[in-house]
Amino acid sequence: MNKTFIVLSLFFSFQMLIADFKVDAIEKAKNYQSVITRDIWGVPHIEGTRDADVAFGLAYAHAEDDIKNLISNMSLYRAEMGLKEGFEGAVTDYLIKVLEIRERVNSRYESDLSSEVKKIIEAYSDGLNYWAAINPQNEYIKGFPITKEDIVVGFSLQNLFFSGVISSIEKLQKGEGIDKKEITKVRTNLLEWQDLVLGSNAFSANPNKTGDGSTRLMINSHQPLEGPVAWYEAHVKSEEGWNMMGGVFPGSPFIFVGFNENLGWGFTVNKPDLSDAFLLEVNPKNTNEYRLDGKWVRFKIKTIKLPIKLWGPFWWTFNREAKYSVHGPVLETDHGVYAIRFSGMEDIKQVEQWYKLNKSKNKNEWLEAMKLRSIVSFNAIYADKDSNIIFLHNSSSPKRKEGVNWTQPVNGSKSSLIWNEIVPLDQIPLIINPKSGWLISTNQDPFKVTSEESNLSPSNYSITLGLQKRMTNRANRGLELFSETKYINEKKFKEIKFDNSYSKNSRAYKYLKPILEICFKEEQLIKAQKILKDWDLSTNFDNRSAALGVCLISPEWLAEQAQRLPPPVETVFRDCVDQIYKIYGRLDPLWSERNFLVRGDKKVPVQGGPDTLRAIYGRQQQEGFLKAQGGDGLYIYVEWDKDGRLKSESIHQYGSATQDSNSPHYDDQMNLYSSEKFKETFFKTFNQSNNMESTITIPQ
């Protein structure tokens, strides 16, 4: 009886909270008015008088299409993964709480953010809550209400994943990276989707390269095709001058990659060294003290509370101590005590920079936005209607002391080594309007992004920046394709985007090449070797060597991503021969029989493969075929002709209705995606009756 009474009491208490939340959300919604017009592809175009009205409408539209992914990250943002996943999730909660992200947002929200940005953040959270209030039976209602702090914390966490600090902590905890620090080159596995964020492409060309007076931009970010960091396409337009279209992640009121009437940009992942480990000397007589400039200084100590699910509805709060030095959070390991310091650790202004980028109207305004440096990393490729093109190896790199080996943990007892500034924008790789007329970014060496004569020299930049030197196959192919002709028209520009071949200069080919020279005795291996010798290194539909070739080179790509040595190539070759033959009964199936985009019951073959410009990262399914799970998702083509007239096209891997399998837009772009075609964005014409599917005004 008592147990039943408790359960009923909890149920009615929850229902009362929902009722209060619903009333509050509907009341706040009266402060906004937004018009959501969906075009014939279901893509929302949101209009409003104020920026805040548009943010409110964007949240509502995104919730209609993607509430599962919108709400899925709230446990992470609130450091409640322990309640969701038990002890394993509590590890993530501990890191987030140790880094004091929520506390920083709570204490600095009012002082650090402009009134314009706060209005947008609050309107966006109000829009999400309004959707939930009028859809109270949705299965995610327990995740509401969503607060303004939740939204800003989400942006701060993005910085953490790309700053390398999470990887740094993981490596130090495992005793790795002590002799040679590679902390920003190792991808964290804290989130299940993180290993699918494998790279991105973006390239631009101005009249020097197009030859017809036009300026072109290709935005081609690579993300997981499903989940909380899969792209969603939207268009926002206010009477206050905000008019952006492109890709957003769940939980973001700002366009991350996209374009407006005057300019556009794409971002690609880069891996500069943005975090440092300081080896501390702890007082042997008092472990709560560390040495700094010859004196013993007390650690700041706090208790971290970690609620953890035990079983069923039962949970328990565990306490764990956290220490801090003047450098930052402290890690106590079997091999030493370290403090971690990283770029952006005190910064919550990422939302400010995204807002300024979204509102920029020309090159100077865009560069001013990039000078904020609150977005700590990403390469940028920019283009505009005035024929400007830009490459920026954006990196909020610490202003470190020269002459110190920052690739290893440094002496934490010297306060002179504690950096407090980042290098200015003019001291990181930046190219504006190169003579070549073209730029390409594919997660490669920032000194190899255009023709040789237009590239920057690494000798002009400090070694303390820790800039990456890797080259991808996509970089090799892109550089080759842009260099082989004097001018590149629209057709050729798009062909480069969809190129599905491997370069003979790539790591992939160099890894494969020894197999071509081995004298095998087994008949099946000799046949397989012949198939590889005949491979033209492409991954087109009718290719009969790609299945075996991609199987062979994929482990090398994964090893490079994890910064470990690849497995012996002959071992991989033998495994692939056995695997392909077992699945297909032959060694040379068509690539169109191997590589697929799958959505529900719909399955279409796709060209491309790992680290090709047509980037498709597939995972083998139980049936034996590869299912695309990362790589090419939303991509956008933008062009301004010689008179400044805009043309824009896009495609999404599935469609705008990312969760509703009953919607025609659940999978209506898949065939276009497979055939490597684009659709109109209707950026300027979405209100024309033949381009519209529906229109609503909210609040209703």
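The values are calculated or read from the model by the stated rules, or taken from the named source; none is laboratory data. Here the structure is a predicted model, which is why all the values come from computation and not from measurement. Methodologically, a virtual Cβ is constructed for each residue, glycine included, from the backbone with ideal geometry; neighbour enumeration extends over all protein chains shown. Remember, those area values only see protein heavy atoms, side chains included, never the ligands or the DNA or RNA. Shrake-Rupley method; radii C 1.70, N 1.55, O 1.52, S 1.80 Å.
Points to keep in mind about this one:
- Expressed in units of 2.2 N^0.38 Å, where N is the residue count, the Cα radius of gyration of segment 244-368 is 1.59.
- Heavy atoms of Asp293: accessible area, 1.4 Å probe, square angstrom to 10: 90
- Note on surface exposure: Glu676, Glu332 rank Glu332, Glu676 by accessible area, highest first, 1.4 Å probe.
- With DNA, RNA and ligands ignored, accessible area of Phe378 (1.4 Å probe; Å², nearest 10): 40
- For segment 543-700, convex hull volume per residue from C-alpha positions, Å³: 187
- Here the Karplus curve 6.51 cos²θ - 1.76 cosθ + 1.60, taken at θ = phi - 60°, turns the phi angles of segment 590-596 into couplings of 5, 4, 5, 9, 10, 10, 9 Hz, with x standing for Gly and Pro.
- Accessible area per residue (1.4 Å probe, heavy atoms of protein chains only) ranks Thr658, Thr442, Thr407 as Thr407, Thr658, Thr442, with the largest value leading.
- Remark: the chain carries a charge dipole of roughly 1380 debye about the Cα centre, counting +1 on each Lys and Arg Cβ and -1 on each Asp and Glu Cβ.
- Two-decimal ratio, segment 431-586, of alpha-carbon radius of gyration to 2.2 N^0.38 Å: 1.24
- Vicinal HN-Hα couplings computed from phi for segment 643-657 (Karplus, 6.51 cos²θ - 1.76 cosθ + 1.60; Hz; Gly/Pro x): 9, x, 7, 8, 10, 9, 9, 8, 7, 10, 4, 10, x, 6, 8
- Gained length - Thr287 relative to Thr317, 0.36 nm times residue gap less alpha-carbon distance: 8.2 nm
- Proportion of all alpha-carbon pairs of segment 261-308 beyond 18 Å (%): 63
- Seen from a random direction on average, the alpha-carbon convex hull of segment 370-425 projects onto 5.2 square nanometres.
- For segment 65-145, the spread of Cα positions along the three principal axes, ordered from largest to smallest, is 37, 35, 16 Å.
- Of the trypsin sites (Lys or Arg not before Pro) found in segment 637-680, those that fall in a DSSP loop while having at most 13 other beta-carbon atoms within 10 Å are Lys642, Arg645, Lys677.
- Across the accessible surface of the chain, with the other protein chains kept in place and a 1.4 Å probe, carbon and sulfur atoms take up 50 percent.
- Computed [θ] at 222 nm, helices only, for the chain once each DSSP H run of length n ≥ 4 contributes -39500 (n - 2.57): -10000 deg cm²/dmol
- Residue-count net charge about Leu157 - beta-carbon cut-off 13 Å; Lys, Arg +1, Asp, Glu -1: -1
- Based on alpha-carbon atoms, the Kirkwood radius and the radius of gyration of segment 308-378 give Rg/Rh equal to 1.24.
- Of the residues Val598, Ile141, Gly294, the one whose Cα sits farthest towards the positive end of the charge dipole of the chain is Gly294 (charges of +1 on Lys and Arg Cβ, -1 on Asp and Glu Cβ, taken about the Cα centre).
- Whole-Å distance, taken between Cα centres, linking segment 594-622 and segment 97-125: 40
- Rg/Rg_ref, the chain, where Rg_ref = 2.2 N^0.38 Å and atoms are Cα: 0.98
- If you take all other residues with their beta carbon under 11 Å from the beta carbon of Glu64, and give Lys and Arg +1 and Asp and Glu -1, the sum is -2.
- For segment 645-667 and segment 388-447, distance of Cα centres in Å: 37
- Cysteine residues of the chain whose C-beta has no other cysteine C-beta under 4.7 angstrom: Cys519.
- Heavy atoms of the protein chains alone define the surface here; on that basis the chain has 41 Å² accessible area per residue at 1.4 Å probe size.
- In sequence order, calculated HN-Hα J values of segment 369-376 (Karplus, 6.51, -1.76, 1.60; Hz; x Gly/Pro): 5, 5, 5, 5, 6, 6, 7, 7
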